[in-house]
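We did not get these values from a lab; they are worked out from the coordinates using the rules stated. As the structure is a computational prediction, the values presented were derived from the model and not from experiment. Note that we place each Cβ from the backbone using ideal geometry, even for glycine, and neighbour counts take in every protein chain shown.
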Amino acid sequence: MDERVFAVVVPALDEAERIAACLRSVGPEAAEVVVVDGGSRDGTREVLAGFDRVTVLESPRGRGVQLDRGARATSAPYLLFLHADCRLPEGWAASAGRALDDPDVALACFRLHTEPSDPGAGRLARLWAKLLDLRSFGPALPYGDQGFAVRREVYEAVGGFPHIPLMEDLAFARACRRVGRIRRLPLSVRTTSRRFDGMPVRARLCTATFPLLFRLGVSPWTLARWYREVR
């Protein structure tokens with residue numbers, strides 16, 4: 001087996017409008033594609049039925065639980081975790097594979113390119129998105145929407161994704177950093193600005209402050225109550 005063979009794991013909850021674009025972006029480069037559904041009621045399962053190569057699993061709601069469920073249902077030596085509203089760039093597997101060939105690298109992630117959910121969004125909305133994307137170029141711990149690529153032995157060594165309602169991505173990235181380096185790839189995952197739609201100021205404030213609060217010891221269950229819109 002090629003040591004760079006990837007299993008792609010996608011958690012989903014009411015993603016009928018976006019999941020198809022996400023899965024098409026994976027392309028033929030993944031040996032396994034697993035979508036773990038957390039109880040969708042919007043037609044997500046019907047959309048998934050149109051993808052022959054995709055295995056659909058059920059799980060209790062919560063990204064940490066869903067991601068871990070999907071990872072443990074696969075066998076490929078490399079894992080890529082991808083949010084359902086994200087789209088991978090061309091050449092993603094080769095780039096991530098080269099990064100993970102370095103035994104000192106525990107986690108590889110992409111840069112982020114956020115697109116307004118509304119195609120007619122004005123210049124200010126697009127500028128906000130670009131400013132938020134700058135974080136993905138810096139040394140801070142990456143977020144899950146940047147896509148996480150790991151070797152399976154690293155995933156097992158750090159205990160997988162924690163089963164917590166929020167901050168599972170930062171907890172996982174922090175655990176990976178304890179055992180190796182985090183490599184940012186020179187490619188960008190495209191995502192949507194939906195987490196800011198409807199409550200832009202509040203959502204941006206949460207995004208800016210929650211990682212610090214989590215590091216200071218605030219419970220992820222408390223943060224989830226404050227955030228409200230937890231997927």
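Estimated from helical segments only, the mean residue ellipticity of the chain at 222 nm is -10500 deg cm²/dmol, where each DSSP H run of four or more residues counts as -39500 (n - 2.57). When only the Cβ of Lys, Arg, Asp and Glu is charged (+1, +1, -1, -1), the dipole of the chain relative to its Cα centre reaches about 940 debye. For the chain, the relative contact order comes to 23 percent (Cα pairs under 8 Å, sequence separation of at least 6). Think of the chain as a dipole: +1 on every Lys or Arg Cβ, -1 on every Asp or Glu Cβ, centred on the Cα centre; then among 179, 116, 131, 131 lies furthest on the positive end. Between rounded, prolate and oblate, where does the stretch 4-93 land on the alpha carbon gyration tensor, with a ≥ b ≥ c its root eigenvalues, rounded for a/c under 1.5, else prolate if a/b exceeds b/c? It comes out oblate by the Cα gyration axes.
Report the residue, chosen from 42, 169, 14, that carries the largest GNM mean-square fluctuation when the chain is represented by alpha-carbon nodes joined by springs under 10 Å. For the chain, modelled as a Gaussian network with Cα springs under 10 Å, the answer is 42. Comparing 34, 26, 47 in a Gaussian network model of the chain, where Cα atoms under 10 Å apart are tied by springs, the biggest mean-square fluctuation is seen for 47.
For volume of the Cα convex hull per residue in Å³, the value calculated from this model appears in (1) 158; (2) 120; (3) 133 under label (2). Among the DSSP helices (H) of the chain, those spanning at least 20 angstrom by Cα along their long axis with an average Kyte-Doolittle hydropathy of -1.0 or more are 200-215; this is a geometric and hydropathy rule only. For the pair residue 134 and residue 61, a Förster radius of 35 Å applied to the C-beta separation gives a FRET efficiency near 0.65, rounded to the nearest 0.05. For residue 156 and residue 21, the FRET efficiency from 1/(1 + (r/R0)^6), where r spans their Cβ atoms and R0 equals 35 Å, is about 0.70.
Cβ crowding within 10 Å ranks 191, 74 as 74, 191, fewest other Cβ atoms first.
The slack in the chain from residue 178 to residue 90, taken as 0.36 nm per residue of separation less the alpha-carbon distance, amounts to 28.7 nm.
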